[in-house]
Structure formats: structure tokens, C-alpha cells
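Where a number appears in this text, it was derived from the coordinates with a stated rule and is not lab data. These numbers come from a predicted model, not from an experiment. Neighbour counts run over all protein chains shown; Cβ positions are idealised from the backbone, glycine included.
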Amino acid sequence: MLANASVAAAVQAAKEKRAERVEITQDMVLKELAKIGFANMHDYMRVGPDGDPVLDFSALTRDQAAALSEVTVEDYVDGRGEDAREVKRVKFKLADKRASLVDIGKHIGMFKERIEVKHVTELEDDELDRQINGYTGKA
């Protein structure tokens with residue numbers, strides 16, 4: 001149906017009207033994808049004096065937080081008796097960079113998707129009709 005110019009125009013107009021109604025623009029979507037696509041683990045941690053990674057989310061910007069898909073904090077006691085120590089383990093996961101970069105690339109035309117179009121001739125159409133409906137072409 002989208003091959004019909006008036007149908008395609010009506011669908012496009014409806015999409016534009018919806019975008020206006022919800023106040024979402026292509027630029028907004030691309031900027032959000034860019035936050036994810038260009039996020040870097042280095043922006044979320046630093047190397048401590050002992051060489052171990054140290055997380056500090058206190059200075060996290062809103063844009064950096066947008067790329068986080070999961071943060072898990074576990075508090076537990078390691079060891080027993082006098083050797084016991086309290087441990088806090090923080091794990092975080094960034095959203096899927098690859099998917100965001102592919103979506104951005106598609107939007108700006110970096111990738112060309114191949115679409116196979118087959119033209120059905122009248123003869124092929126009759127053959128298809130015979131296969132589907134058992135039509136023999138005889139009255």
C-alpha cells in the first residue's frame with residue numbers, strides 16, 4: 001500500500017502530526033542515541049592509587065547517566081570473625097553502543113540496505129493464481 005503515493009503521503013503526514021503532538025524531533029532521538037553510542041567507560045571510572053578502578057557517580061552528568069542501562073550495588077561481609085570486612089561491590093552496564101551507532105549510521109545514510117523488488121508479469125500472475133486457487137484458465 002505504501003507504493004501508492006497518496007497512501008505514503010497520508011502515512012508521512014500522520015507520522016509528522018504524531019511527532020508534533022508528542023514534541024519529539026529527529027534531532028532529539030539522534031542526540032539520545034549519540035549519548036549511548038559515544039559513551040566511554042573511562043567517563044565513569046578512574047584508576048585509584050592501587051591501580052584498581054574507582055567508580056564515582058557523584059559527578060555524573062545527565063548525558064552520561066543516559067547511557068547507563070544498569071547499576072547494581074551489593075553490600076556484604078567478606079570473611080569471618082576478626083578477619084571480616086565490609087565490602088561494597090558496584091557494577092554498571094552501559095547501553096548497547098553498537099546498536100545505537102548502527103541506528104545513527106542508518107539515519108545519516110552510511111549504510112545502504114538492499115531491498116529486492118520483483119515485478120510480477122501477467123503470465124506469472126496467472127500461474128500464481130493457478131497455484132493458489134486451482135484456476136485452470138478454462139471457462
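Structural remarks
- For the chain, a crude dipole built from +1 on the beta carbon of Lys and Arg and -1 on the beta carbon of Asp and Glu, taken about the Cα centre, is about 280 debye to the nearest 20.
- Computing FRET efficiency as 1/(1 + (r/R0)^6) for ALA5 and VAL102, where r is the C-beta to C-beta distance and R0 is 35 Å, gives about 0.70.
- The residue list LEU68, HIS42, ALA10 was ranked by how far each Cα lies along the charge dipole of the chain toward its positive end, using unit charges on Cβ atoms, and ALA10 comes out on top.
- The percentage of C-alpha pairs in the chain whose separation is greater than 28 Å is 55%.
- Exceeding the 29 Å Cα-Cα cut-off - candidates LYS15/LYS91; LYS31/LYS88; LYS15/LYS112; LYS91/LYS112: LYS15/LYS91; LYS31/LYS88; LYS91/LYS112
- Rounded FRET efficiency, nearest 0.05, which uses the C-beta distance separating ALA84 from VAL29 and R0 of 41 Å: 0.25
- Gain on full stretching of the segment that runs from LEU55 to ARG18 - 0.36 nm per residue minus C-alpha separation: 9.3 nm
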